[in-house]
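For reference, the structure is listed below as structure tokens.
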Amino acid sequence: MDLSLVDLPREVVRTERLVLRPYRPEDVDLVHRACQDADIQRWTTVPSPYSEADAVEFVTQTTVSGRAQGRALTTAVEAGGRFVGSAGLHFSKGMLGPAVGYWLAPWARGQGYAAEAARALADWALHRGAHRVHLSADVGNVASRAVARRAGFVEEGIVRSCLPYRDGTRGDAALFSRLPGD
């Protein structure tokens, strides 16, 4: 995948309804509020409890450095000018290709935004030469698995004991992919 002509720190991805843009400092309060949600804390790796300092670090450091160092394209997702969640691509040189991840704020669920964002990011990577794009979802996360399918990803199988849980146990993930011809 060739990112040499992409200004990753400023890159914006647009769909019919969404703008996937770099995070801005004014997003901190909304990220903090969204990440109080039990489902976000259950299904993602955000700290729990999630503090305002965690939101500040994510918005002003983690997302910025990931883009600047070419490791990730993490975006704030907006619908109609309103913050609705987060979606990103995490770049790796491995055989699975870039990984898509997403979460939606509780106030924005049920409108298809996650699938639209995941599809847009996969398309973005595939149009830039990625041989494949993947995502994984906890086998118990029925909603995320449905999002993957609606975004055009194909379920490939189960990766056993790959997800570390907060209590020290491990769980299984469903592995999904999109290929250039999908």
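Under a Cβ-only charge scheme (Lys and Arg +1, Asp and Glu -1), can you give me the dipole magnitude of the chain about the Cα centre, in debye to the nearest 20?
Details: 22 positive and 21 negative charges, 72 e Å.
Dipole of the chain, to the nearest 20 debye: 340 debye.
In order along the range 15-26, phi translates into HN-Hα couplings of 10, 4, 10, 10, 10, 9, 10, x, 5, 10, x, 6 Hz, rounded to whole numbers, per the Karplus curve 6.51 cos²θ - 1.76 cosθ + 1.60 with θ = phi - 60° and x for Gly and Pro.
Among the chymotrypsin sites (Phe, Trp or Tyr not before Pro) in the range 135-178, those placed in a DSSP loop whose Cβ has at most 11 other Cβ atoms within 10 Å are 165. A Förster distance of 45 Å, applied to the separation of the beta-carbon atoms of residue 12 and residue 160, puts the FRET efficiency at 0.75. Only helices enter this figure: runs of n ≥ 4 DSSP H residues, each worth -39500 (n - 2.57), summed and divided by the residues of the chain, yield -7500 deg cm²/dmol at 222 nm to the nearest 500.
Roughly speaking, what is the stretch gain from residue 142 to residue 71, that is 0.36 nm per residue apart minus the C-alpha to C-alpha distance, in nm to one decimal? Don't jump to the answer; show the numbers that get you there.
Details: separation 71, 0.36 × 71 = 25.56 nm, distance 2.82 nm.
The residue 142-residue 71 span can extend by a further 22.7 nm.
Residues whose amide H falls under 5 Å from that of residue 139, counting only those 5 or more places apart or on a different chain, are 172, 173, 174, with hydrogens built in the peptide plane.
Rounded to the nearest 20 debye, what is the charge dipole size of the range 96-182 about its Cα centre when +1 sits on each Lys and Arg Cβ and -1 on each Asp and Glu Cβ? Please report the intermediate quantities before stating the final value.
Working: 11 positive and 8 negative charges, 13 e Å.
Approximately 60 debye in magnitude.
A protection proxy built from the mean count of other Cβ atoms within 10 Å ranks the segments 39-51, 18-30, 126-138, most packed first, as 126-138, 18-30, 39-51. Length gained on full extension, residue 90 to residue 167, computed as 0.36 nm times the residue gap minus the Cα-Cα distance: 25.2 nm. As a proxy for reagent exposure, ranking 124, 103 by other Cβ atoms within 10 Å from fewest up yields 124, 103.
Taking the Cβ of residue 89 as the center, what net charge do the other residues with Cβ under 13 Å away carry, scoring Lys and Arg +1 and Asp and Glu -1? Please list the in-between numbers first.
Numbers: positive: 67, 71, 119, 128, 132, 178; negative: 11, 123.
Net charge in that neighbourhood comes out at +4.
Each reported figure results from applying straightforward, stated rules to the coordinates on display, with no laboratory input. Computed from a predicted model, the values in this text were never measured in an experiment. No Cβ is skipped: glycine too gets one built from the backbone with ideal geometry, and neighbour counts run over all protein chains shown.
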